[in-house]
Every structure is written in C-alpha cells, then in structure tokens.
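Heads up, the thing below is written out as structure tokens.
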Amino acid sequence: MFRRRASEAKHEATVPDGGQGPGPARSRGPARSGLPGSSGAGEPGRAAAEPWGPPPAGLDVSAPHPARVWNYWLGGRDFFAADKAAGEEISREFPHLAEMARAERAFLVRAVRFLAGPARIRQYLDIGAGLPAGGNTHEIAQRIAPDSTIVYADNDPAVLLHAKALLGNPMLASTPDGAVCYADADLRDVAAVLAGAGSALSLSRPVGLIMLGVLGHVDDYGAARSIVSQLMDALPAGSYLVAADGVAANQGIVSAQRRYDESARPRYGGSAVAPYVLRRTDELTCFFDGLDMTEPGVVPCPQWRPDGRGPDGAAGDAAIAVCGVARKP
C-alpha cells in the first residue's frame, strides 16, 4: 500500500523538507505505504542516488517492484537496477504519473507541518506512504513535535521487509520521545487497519489520518467512500483527514492511465498490480463529507497552502491531483 508513481528519466529529488534529508517508505497494494528514509535523497535539485546497498534478506530484486520504482522517481535510494530501468521506461511513456508523485509528496510535507504545528496533532495513521524519499510523515511530524507517534499501514511483503531493515538503523528510526511502527493490513480491511493502529495509537485522542494516492486503488466508488467513513467514525473529534488522489483531468490522461494499468503486470515481472481509478474532483470532495474543511478546501495539490519551501510539481500539473485537509467536529 505505498505511493507508486512517476517522473522523467532525470528523476530529480523534488520534495525536500526544509532542505533536510529523506524519509520513510509507504506504498502503497490497494494502498501504497510509507517507510522511513535513507540518507542522501530529498535535497533540492539532487538526482536520485544509486541503490543504497544489498537488499534485505529474502527480497527478490531481479524484477522491478512498484514501491521501489516510485522511490526511484522521487529521488530516494531504496531501488535496484531493475527498478531504475522500469522507472525510466514508464516515466517516458506516462509522464502524468511523475506529476502526481511530485504534487502529492509536496502536499504531504505541507499538510503534516500544519497538523504537527497549528493543529497540534501528535498521532498519525498513514495508509500509503512510499519507500524512502524526502519528506515522510514521521520525519516531518517528529521534527516539529518529537513525541509524535506514527503508524504506517501496508500489506505489501516487500515494503514490510524494507521497513524492518530500515528501522534497524538508529539514524532512520523514531525520535526517543516518539514512536514509528508498521501495521500489516490491507486498506480494504478496515478492522485490521484499526487494530494495527490501536497497537501504538490511543484512538481516544485525535489522530491525523493520511490517505495519499490510495483510494484510487479501490475501484468501487461506494466502497472507497465507505472505507473513509468507517475510519473517520472510529477516530475521535478533533481528528483530521488528509487525502489526495489523481483526477481525470482530461481524456488523454484517463487513456494513458488505462494503458498503464493494462501493461503493469508484464512490466513488473508478472506481479499483480492494482489498477488505479482517476475520479472527478467532485467525487473526491465527497470523501470529506461531514467534516470541517480547512482553507483552501479541495484544490489541486500545488494550491494547498504553498509555502515556497520546495517544488510543487511540474508547471502543468494543476489538475493532475487534488487534495484536502478536514477536521472531524
């Protein structure tokens, strides 16, 4: 369940967090996920490094994996030769994927700064965060509030193997006052997600629920809305929903996404890859029903409280992905 999308072959690291180093992984099966970052990525204008070293024990890297390809696109280090080759090929054919990746990641950085700062949120459930690249949830939140606790939820075995290896590095793990952990749970199994979250979070206190680029993997719109409603119903007043997804900006992008989905299995060595549904902006707005929207509402990702501290995607990505942040009353 970790974020998996694209960029040009130059694959510059596009979303620094105040000029600091990279962060966790998350991509998100039906939901992509988020793991902690490795050093060297996420700086302004810095190209992705070569693979960070030998793979975790038990991980086959002979074929590309969506979460590692996403990591390569965002300028991280947790990818291997097959992932790099696939990433360059896919980004040439489907450049809209790169735009979504950059826009959503830049939005995440700003949204978590808001939650950890003015909103004073100290607990986070991040469903779909991606493998290490600059600006992951726990890095941002704990930099502002070191006592923050973050749970990343995913059901991708490869992502969880990466998570275990990365958290073994004291430089990448949680601050001493906070906590970071991973729950093995599928987005569609709300009970399992909540059980995993409850292992580290106090669900009687406000939680920041983060769902970036994951709801498009739930092809039934009613089911996607139900998942969001069930999760928010389980959280107390004062909790926030942070969500973003790609939109059907025009027929060309819709057709390109369909071609990508149809070609995904052979591209990834025969592995099943969940299709991604591009919805209308008004459909995505309905995910926030019953919540109090924060300004500026549901908007293209680059337009959500831009702060000039990092790139917000390509110039043409204004309608590629939309986002919003809302509080449970």
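The values are calculated or read from the model by the stated rules, or taken from the named source; none is laboratory data. Just so we're clear, the structure is a prediction, and the values are computed from it rather than from any experiment. Positions of Cβ are backbone-derived with ideal geometry, glycine not excepted, and every protein chain shown enters the neighbour counts. These area figures cover heavy atoms from the full protein model, side chains too; ligands, DNA and RNA do not enter into them. Shrake-Rupley method; radii C 1.70, N 1.55, O 1.52, S 1.80 Å.
Points worth noting:
- ³J(HN,Hα) computed for each position of region 179-194 - Karplus, 6.51 cos²θ - 1.76 cosθ + 1.60, integer Hz, glycine/proline x: 7, 9, 8, 10, 10, 7, 7, 8, 3, 6, 9, 4, 4, 5, 4, 5
- Separation of the residue 251 and residue 293 label points, Cα + 7 Å toward Cβ, nm: 2.9
- Straightening the chain between residue 199 and residue 85 buys 37.2 nm, computed as 0.36 nm per residue apart minus the Cα-Cα spacing.
- Efficiency of FRET from Cβ geometry, residue 237 and residue 189, R₀ 25 Å, rounded to 0.05: 0.50
- Between region 250-266 and region 209-249, the alpha-carbon center distance in angstrom: 23
- Two-site FRET efficiency, residue 307 against residue 263, from Cβ-Cβ distance with R₀ of 56 Å, rounded to 0.05: 0.90
- Amide H partners (placed H, <5 Å) of residue 182, local residues excluded: 152
- Residue ranking by accessible heavy-atom surface, 1.4 Å probe, largest first, among 259, 92, 77 comes out as 92, 259, 77.
- Between residue 225 and residue 173, the simple label model (points 7 Å from Cα in the Cβ direction) yields a spacing of 4.4 nm.
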